[in-house]
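Just below is one structure, and these are the notes that go with it.
The values are calculated or read from the model by the stated rules, or taken from the named source; none is laboratory data. Just so you know, these numbers come straight off a predicted model, no measurement behind them. Every residue, glycine among them, receives a Cβ derived from its backbone with ideal geometry; neighbour counts consider all protein chains shown. Heads up: the accessible areas ignore ligands, DNA and RNA and are worked out on the full protein's heavy atoms, side chains in. Shrake-Rupley method; radii C 1.70, N 1.55, O 1.52, S 1.80 Å.
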Amino acid sequence: MVIGLIVLAVGLPIGSSEAPIEMGTWEIAWFRIFSVPTEISPLSNVGILINESTLPANFDFIMSDPDFAVYTGSQDEIGLIAKTEIHVSNSGKARFEVGSDDGSALFIDGELAIDNWGLHGYEPMSKIVDLESGVHTLEIWWFEWHGAAVLSFKMDEKVTFGDPWYGRAVGGAIIIVGLAIMIISRPKRGK
Ligand SMILES: [Ca+2]
């Protein structure tokens, strides 16, 4: 039973595990836009490509107006398309978050994963996504019309896989077996 209690206490890592996600540099295409993209659509529909740069993989920081102006020459009526790849060593779940002022969208392997589009103040949106092992593409579309301009990105640096209840089930089963053995082997009184 003692063994069962120990497994119950430490058994959680048996059931669920984590594997790292490796992430490449973001390739950025900067746009000047001439009208508000009312629905999620390529920025080339409403503007022109004016610059290209890169951003570090981990840009989980908030960019302010002057940061964008370096690339766009303007703090308003701008946008970007950011592309990168992630390498997932083990299938599992990971959480993604994109926050923006104004609108943004996150695509994973070309599929819309987070829709944070529209004219609005800074607003983070997140989603937990099932990822197969292998290489996946990430793409962020963002635009800023007027006022404050912000974009942030966060991602779990690991996928979580397995069932966290499996370890507890093993611990529970060992406790039951331990109790049964104790009852069976308990010295009889009165002998
Ligand atoms: Ca704005």
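Laid out as a table, the results:
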quantity	calculated
Accessible area of the range 2-185 divided out per residue, in Å², using a probe of 1.4 angstrom	52 Å²
Protein accessible area in the range 1-148, 1.4 Å probe - carbon and sulfur %	55 percent
Selected from Ile108, Ile62, Ile175 as most flexible by GNM, with the chain as the system and alpha-carbon contacts under 10 Å	Ile175
Cα-derived Rg over Rh, computed across the chain with Rh taken as Kirkwood radius	1.29
Residues in the range 58-98 reached by a label modelled at Ser35 [backbone nitrogen below 18 Å; 7 Å Cα→Cβ]	77-79
For Ile78, residues with placed amide H under 5 Å, excluding near neighbours	Ile33, Glu144
Candidate aspartates and glutamates for bridging to Lys158, where Cα separation is under 16 Å - those fewer than 8 sequence places away on the same chain excluded	Glu18, Glu22, Asp60, Glu85, Glu97, Asp130, Glu132
Nearest 10 degrees, 0 to 90: helix 164-185 Cα axis against the chain principal axis	10 degrees
GluC sites (Glu not before Pro) within the range 33-115, DSSP loop, no more than 11 other Cβ atoms inside 10 Å	Glu39
Positive-end residue, the chain charge dipole about Cα centroid, Cβ charges, pick of Pro56, Met23, Ile140	Met23
Ratio of the Cα radius of gyration of the range 13-102 to 2.2 N^0.38 Å, where N counts its residues	1.36
